[in-house]
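Data block below; observations after.
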Amino acid sequence: MAAKFTPGQKLNVGVVGATGLVGSMIREILAERNFPVAQLRLFASARSAGKAIDGVVVEDAATADFSGLDVVLFSAGGSTAKELAPKAAAAGAIVIDNSSAFRSDPKVPLVVAEVNPHALANLPKGIVANPNCTTMAAMPVLRPLHDEAGLKRLIVSTYQAVSGGGLEGIEVLASQIEHVGDRTRELAAGDTAPLLPEAKKWAVPMAHNVVPLNYVYAEDGYTEEEIKLRDESRKILEIPGLPVSGTCVRVPVFTGHSLSINAEFERPVSVERALELLGSAPGVVVTEVPNPLEATGKDPVFVGRVRKDPGVENGLALFLSNDNLRKGAALNAVQIAEALIG
């Protein structure tokens, strides 16, 4: 991949959505990784404009002039990205967008830093898309296995944390847990109606529950989240016709998405060989019991429970957990920016 900037060059960096969950984490990770920032500009909605964060005054993204910026990291939702990302790119910046706005655009690369950085060689629109946090977790695990044995089919069930729904998702779960309070044992009795909090944001209450309707229906009974998993996996792994069946479930976990994966391959791959490959894969840690609490606040994808899938000729079953806010969004965006430096 040809670097877009000179190694060691300090960049003028913008963060759009700087006051949100992911935007705040982007700011933290830029500092943690000593990203070469010459100037940092922060953008958010009009209601946050004028506030100072670490000495930087937040600008109104809707009216901002992006001139002079080298890289702008967007974490502000699809509609905002569709409106403002092309403006930032036209002003000369490379845009790295966390929303779904450009992921399916054939002229916009969809990049996981450890998996397909070569896609950054061609940026016709000056925009790079970050995958959905669920897809992101699977890609560093599936890439080495695909390279070894040729991925043929993918079946995935997800266990997605409420922070994937932003600050509102966290608040909904926290308030519903508080609503039930110390009467949780009564939930085992069967007559739960008097105890249950009102459903909010999701179709049914989230506290002490699982919700297998994650967002809205899209096609053939699958939700938008499940279609994203299919389409983004195909694009990142460069397998256009890959059969993917996903069931995306929201669970009462605050941070950390988990995935149960059954993968079928063209060629045999033993459990031992799979563990060898995963043990040396960038961004992956093999562990006995991957779980969201272990993954929260950490960079890697934690993978384990690797075993043969007896339901197909060349199949593996495995389980993984990953911090959906960190690697699932903020960290990968910064890693893409690092790759552009070379």
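The values are calculated or read from the model by the stated rules, or taken from the named source; none is laboratory data. Just so it is clear, the structure is predicted and the values come from calculations on it, not from any experiment. All Cβ positions, glycine included, derive from the backbone under ideal geometry; neighbour counts span all protein chains shown. Note: areas computed on protein heavy atoms with side chains; ligands, DNA, RNA excluded. Shrake-Rupley method; radii C 1.70, N 1.55, O 1.52, S 1.80 Å.
Leaving out ligands and nucleic acids, and using a 1.4 Å probe, what accessible area per residue does the chain come to in Å²?
On the way: 14670 Å² over 342 residues.
Counting only protein heavy atoms, the per-residue value for the chain is 43 Å².
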Assuming R0 = 30 Å, can you tell me the calculated FRET efficiency for the pair N291 and D191, based on Cβ-Cβ distance, to the nearest 0.05? 0.45
Within the under-14-Å Cβ sphere about S45, not counting S45, Lys/Arg +1 and Asp/Glu -1 give a net charge of -1
Quickly rank 95-101, 132-138, 261-267 as a protection proxy: mean count of other C-beta atoms within 10 Å, highest first. 132-138, 95-101, 261-267
Using the Cα centre of region 101-230 as origin and beta-carbon charges of +1 (Lys, Arg) and -1 (Asp, Glu), tell me which of N122, A203, L173 is placed farthest towards the positive end of the dipole. N122
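Taking only DSSP H segments of four or more residues, each worth -39500 (n - 2.57), what value at 222 nm results for the chain once the sum is divided by all its residues, to the nearest 500 deg cm²/dmol?
Details: 8 runs with 95 residues, N = 342.
It comes out at -8500 deg cm²/dmol, rounded to the nearest 500.
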With 0.36 nm assigned to each residue of separation and the Cα-Cα distance removed, S175 to V37 gains 45.8 nm
Could you sort 239-246, 146-153 so that the peptide with the highest average Cβ count within 10 Å comes first and the rest follow in order? 146-153, 239-246
Can you list which of the GluC sites (Glu not before Pro) found in region 160-219 are DSSP loop residues with at most 14 other C-beta atoms within 10 Å? E198
If I model a spin label at K10 and A90 as a point 7 Å from the Cα along the Cα→Cβ vector, what separation in nanometres do I get? 3.1
Amide proton proximity set for M206, modelled H, under 5 Å, gap of 5+: K200
Answer label, with P(r) over Cα pairs in 20 Å bins from 0, in percent calculated from the coordinates and candidates (1) 22, 52, 12, 5, 6, 3, 0; (2) 30, 56, 14, 0; (3) 28, 47, 18, 5, 2, 0: (2)
Residue (of L110, A90, C248) at the positive-pole extreme of the chain, dipole from beta-carbon charges: A90
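For the chain, what is the charge dipole size about the Cα centre, in debye to the nearest 20, if Lys and Arg each add +1 at the Cβ and Asp and Glu each add -1 at the Cβ? Walk me through the numbers on the way to the answer.
Values: 32 positive and 39 negative charges, 100 e Å.
It works out to roughly 480 debye.
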